[in-house]
Amino acid sequence: MRYVTVVLCWSEGELTTRDATFARSDAVFIEAIRHLNPLDEDRYAELLELRGDLECARSLLADAPDVTEYDVAGDDGHGIAYVQCRTVDPVDDLLSILHEHDIVVDWPMEYVDTGREGYGDRGLEVTIVGPDRSIQRAVAALPEAVGFDLRRTGEYEPGSDPTAPALTPRQRELFELAVREGYYEVPRGTTHRELASQLGLAPGTVSEHLQRIEAKLADAYASSVR
């Protein structure tokens, strides 16, 4: 069994339905799609991880014509939105392709900077798991409007470290690099800018990822000692 981590991006002007909803304001944005489930033939339920003004998120969802029900929970600029919607967009198409080829998504799907000319600024980092041949067929079935960059691939081996499931493969890659380069030493052996240069990311993106990583690891540790 193999896993493949790719970053998917869509041609400029082809925003996903939920991206278009939140593009109307720069006060709040989606960090990740925690999960997406079909409810019936024309309705989906999503769990979205949000960063920013959660009251603004409520207003945007209330005004979205395809949203039939929603709830937003959280504080301090970080929250989770439960959204029921009627939509067919690129994310739905992707899930249909994966289902057709018996591929499993290793949730969440995280939004990352793409830096890819001719496409939107942000793409989805997706890790899929399944037989090698099925993965190849699923990738070959992606529409032409979808660009993708391969990030990692290998044999799928769920980690035994109890904190590992809290991090996505992308977050683990950054965290392990930060540890190797001495980011957590005193004094620090590296900076956000130097880590960003090695990974081809913006320094601000690295800073945000490290904050999320540290929050998740702190939560995992707190849970283990309760």
Please go through (1) out of contact with any helix residue (DSSP H, G or I) (no Cβ under 9 Å at 6 or more places or on another chain); (2) closer than 22 Å to ARG151 by Cα; (3) exposed (fewer than 14 other Cβ atoms within 10 Å of the Cβ) for THR114 and return the number of the only condition it doesn't satisfy. (3)
Among residues belonging to segment 162-172 that are open to solvent by 60 Å² or more (accessible area, probe 1.4 Å) and under 20 Å from the mean Cα position of the chain (by Cα), point out the one that is modelled with the lowest pLDDT. PRO165
Can you tell me which of (1) polar (S, T, N, Q); (2) closer than 29 Å to ARG152 by Cβ; (3) modelled with pLDDT of 85 or more is the one THR68 doesn't meet? (2)
Expected single match for in contact with a Cys (Cβ under 9 Å, 6 or more places away or on another chain), acidic (Asp, Glu) and assigned to a strand (DSSP E or B) among GLU31, GLU49, GLU69 is GLU69
Among the residues of segment 68-76, are any within 22 Å of ASP121 (Cα to Cα) and either surrounded by fewer than 16 Cβ atoms within 10 Å (Cβ to Cβ) or in contact with a helix residue (DSSP H, G or I) (Cβ under 9 Å, 6 or more places away or on another chain) (or both)? no
Filter segment 10-37 down to residues that are within 22 Å of LEU142 (Cα to Cα) and at pLDDT 80 or above and give me whichever is nearest to the chain's Cα centre (by Cα). ALA32
Restricting attention to segment 180-199, which residues are among the aliphatic types (A, V, I, L, M) and either in a loop (DSSP other than H, G, I, E, B) or open to solvent by 80 Å² or more (accessible area, probe 1.4 Å) (or both)? VAL186
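The values are calculated or read from the model by the stated rules, or taken from the named source; none is laboratory data. Since we're looking at a predicted model, the values are computed, not measured. Here Cβ is always computed from backbone atoms with ideal geometry, including for glycine, and neighbour counts include all displayed protein chains. To get the accessible areas, we keep the full protein, side chains included, count just its heavy atoms, and leave off ligands, DNA and RNA. Shrake-Rupley method; radii C 1.70, N 1.55, O 1.52, S 1.80 Å.
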